[in-house]
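The values are calculated or read from the model by the stated rules, or taken from the named source; none is laboratory data. Note that the coordinates shown come from a computational prediction; the quantities given were computed from them, not determined experimentally. When we count neighbours, we look across all protein chains shown, and the Cβ atoms used for this are built from the backbone with ideal geometry, even at glycine. Quick note on the areas: whole protein, heavy atoms, side chains included, nothing else; ligands and nucleic acids left out. Shrake-Rupley method; radii C 1.70, N 1.55, O 1.52, S 1.80 Å.
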Amino acid sequence: MNWDDTGPDDSATATPGGPDASAERLVGSVADGEDTAVEAALRPKDLGEFVGQPKVREQLDLVLRAARQRGATADHVLLSGAPGLGKTTLSMIIAAEMGAPIRITSGPAIQHAGDLAAILSSLQEGEVLFLDEIHRMSRPAEEMLYMAMEDFRVDVIVGKGPGATAIPLELPPFTLVGATTRAGLLPPPLRDRFGFTAHMEFYEAEELERVLHRSARLLDVSTDEAGAREIAGRSRGTPRIANRLLRRVRDYAQVKSDGVITSEIARQALAVYEVDERGLDRLDRAVLESLLKLFNGGPVGLSTLAVAVGEERETVEEVAEPFLVREGLLARTPRGRVATPAAWAHLNLTPPASSRANGSGQTGLFGM
Ligand SMILES: Nc1ncnc2c1ncn2[C@@H]1O[C@H](COP(=O)(O)OP(=O)(O)OP(=O)(O)O)[C@@H](O)[C@H]1O
């Protein structure tokens, strides 16, 4: 039986940086309103306080120290990685370490070259310009940025048509910190103009425990080691999610107990919020359960799977699947979606005999 109603659909382009459909989920990595309000208080202020990402920290520390010793402005820095891993935080740390002010804007906010010219021309010497979602800037603005980054100069075009003239405008030296969830989407001329590029990885559970202990201290929440461990394991490698789960578990501990977060309290609280021990929520589990119970582990086409779950195709593809793929629970193949042996184990289900025989789904992809 061929369940694949969509033809080859392994061309999924979803990434954690896709549409903000995950914003309202407890385990979504995009910031929601409450996150924005609380995050400012929880941001580490210098590299020493910044948890994890040891390579990025070490390299950035060298770049910044060297610039300070030379009395120069730091090179432009490109930070790539999924939402919530600390790109904004690092940009603020760069400014703080350089003793410089910071200006924050984003690619979508700069639709015209004139918008960028206005920002650039008002920068002070040494200032850090943080450009979030730099891959979403308009083309003309991007081209203006090339020259600004390289020569600290922009050409402001005055007038239109044949009478238009370019007036050169000198800029003070500044440090551009660009952030992107999709480094691959940046045109090479832009990528090449960054002196230092750092890729932010998802965090280890032990690192998230440290983030949680720090946040608990700042929020005046008491949590024991096992409580923090329980939350860290469900935080999908992302400090933003860890901090959000911490706040929900704190609520539960306060209402149902004495306010102290223990592993038992964390387990009970996150059961209420339907976040399981691996960080999967209701939607993730619905996708896996359909794949396993209705389609014997696949392969099944994305559209069929989405109908079975009762969600839009895009929601399944862009909100649930990236994490399931990252966790090795689901694979996107040319014939459709396939569950891995780990998916059967996670939901405590037994794979059908045919797939057990070759240790795989029906495609023989996962021989054991
Ligand atoms: N290494 C870290 N140590 C401690 N806390 C961190 C770390 N990284 C991120 N955080 C916390 O996670 C929250 C989200 O971080 P931040 O806003 O910097 O992420 P981001 O990568 O810029 O996200 P986005 O791409 O959505 O803008 C912040 O409140 C910050 O306190």
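Using a probe of 1.4 angstrom, how much of the accessible area of the chain is carbon and sulfur, in percent?
Within the chain, the accessible surface is 51 percent carbon and sulfur.
Hey, how many Å between the Cα centroid of the range 42-92 and the Cα centroid of the range 172-196?
When both Cα centres are located, 15 Å separates them.
With axes computed from alpha carbons, what is the tilt in degrees of helix 205-219 against the longest principal axis of the chain, rounded to the nearest 10 within 0 to 90?
In the chain, helix 205-219 runs at an angle near 70 degrees to the longest axis.
Which angle between 0 and 90 degrees, to the nearest 10, do you get for helix 87-98 versus the longest principal axis of the chain when only C-alpha atoms count?
The answer is roughly 40 degrees.
For a quick check: with amide H placed at 1.01 Å from N, whose amide H comes under 5 Å from A179's, ignoring anything fewer than 5 positions away on the same chain?
L79, L131, D132, E133, I134
Return the lysines within reach of K87: Cα separation strictly under 23 angstrom, same-chain partners fewer than 8 residues apart disregarded; answer none if there are no such residues.
K45, K55
So what is the accessible area of the chain per residue, in Å², with the probe set to 1.4 Å?
It amounts to 45 Å² per residue over the chain.
Taking amide hydrogens as modeled 1.01 Å from N in the peptide plane, which residues meet the under 5 Å criterion relative to T223, leaving out close sequence neighbours?
For T223, whose amide H was placed from the backbone, the distant partners under 5 Å are I261.
Using a ≥ b ≥ c from the Cα gyration tensor of the range 205-272 (square roots of the eigenvalues), is it rounded, prolate or oblate, where a/c under 1.5 gives rounded and otherwise the larger of a/b and b/c decides, a/b for prolate? Show your work: numbers first, answer last.
Values: a/c = 1.65, a/b = 1.33, b/c = 1.24.
Verdict is prolate for the range 205-272.
Given only helices, namely DSSP H runs of n ≥ 4 each adding -39500 (n - 2.57), what is the per-residue ellipticity at 222 nm of the chain, to the nearest 500 deg cm²/dmol? Kindly include the intermediate steps, with their values, before the conclusion.
Numbers: 15 runs with 149 residues, N = 368.
Helices in the chain give a 222 nm mean residue ellipticity of -12000 deg cm²/dmol.
Per-residue HN-Hα couplings for the range 30-40, Karplus 6.51 cos²θ - 1.76 cosθ + 1.60 at θ = phi - 60°, whole Hz, x for Gly and Pro?
The phi angles translate into 7, 5, 9, x, 5, 4, 4, 5, 8, 4, 4 Hz.
For the ranges 282-293, 152-163, what's the packing order if you count other beta-carbon atoms within 10 Å of each residue, average per peptide, and put the highest first?
282-293, 152-163
With only Lys, Arg, Asp and Glu charged, each at its Cβ (+1 for the first two, -1 for the last two), find how big the charge dipole of the range 213-328 is about the Cα centre; round to the nearest 20 debye.
I would put it at about 340 debye.
When the Karplus curve 6.51 cos²θ - 1.76 cosθ + 1.60 is applied with θ = phi - 60°, which whole-Hz ³J(HN,Hα) does each residue of the range 275-287 get, with x for Gly and Pro?
Computed from phi, the couplings for the range 275-287 are 10, 7, 5, 9, x, 7, 9, 4, 5, 4, 5, 4, 5 Hz.
Return the Cα extents of the chain along principal axes one, two and three, sorted largest first, each rounded to a whole Å.
72, 56, 34
Using the alpha-carbon atoms, what tilt in degrees (0 to 90, nearest 10) does helix 239-256 show relative to the longest principal axis of the chain?
For 239-256 against the chain, the angle is about 60 degrees.
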